[in-house]
Amino acid sequence: MTNVKQKTIVFFATGGLIGFSSVAPGTFGSLAALPLCLLISLMGVGSALIFVLTLVLLSTWIAHAAEKIVAQKDPKQVVIDEICGMAVALFALPFTPVFIIGGFALFRVFDILKPFPIRWVDKKVPGGLGIILDDIIAGMFANVLLRLGISLFA
């Protein structure tokens, strides 16, 4: 693997190097996802679904490669998983301050506390899939709770 290829993988895996933040890299990675979430919100649901699925597949490969480059299991500087998780948390929801803040808060809570099955996936699924999948599930939990909130309070 070339040095340029490794640097490119690390660049994307760390969310444009945001993951190297010494304070709360996962939180900053989640915030870095917001422009991408805005772009996704402007797509039709079908196009957005294809985009997010492609993002998740590419991110799984990138996370797996970055884990090997860094030679560390689920490296903290890899935040591409938070970017994917936020894309799922806000998927097909209005891109408004209420949903952005609610989705961000819920996603971070699920990502940090890791209720079942998130913790199980985090511990048992290896490689890039494990890095990404726990955040996808956290994003799904956040998305479902936001939708429940809409149905209860709208």
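The values are calculated or read from the model by the stated rules, or taken from the named source; none is laboratory data. Values in this document were obtained by computation on a predicted structure and should not be read as measured data. Note: ideal-geometry Cβ built from the backbone for every residue, glycine included; neighbour counts use all protein chains shown.
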The one condition LEU93 fails out of (1) under 14 Å from the mean Cα position of the chain (by Cα); (2) touching a residue at least 40 places away in the same chain (Cβ under 8 Å) is (1)
Going through the stretch 70-97 in order, the residues found to be at pLDDT 95 or above and in a helix (DSSP H, G or I) are ILE80, ASP81, GLU82, ILE83, CYS84, GLY85, MET86, ALA87, VAL88, ALA89, PRO97
Looking across the stretch 1-40 at residues that are polar (S, T, N, Q), assigned to a loop (DSSP other than H, G, I, E, B) and modelled with pLDDT under 95, the single one that is surrounded by the fewest Cβ atoms within 10 Å (Cβ to Cβ) is SER22
#### Entry: Residue within the stretch 129-136 that is surrounded by fewer than 19 Cβ atoms within 10 Å (Cβ to Cβ) and over 16 Å from LEU58 (Cα atoms) present
no
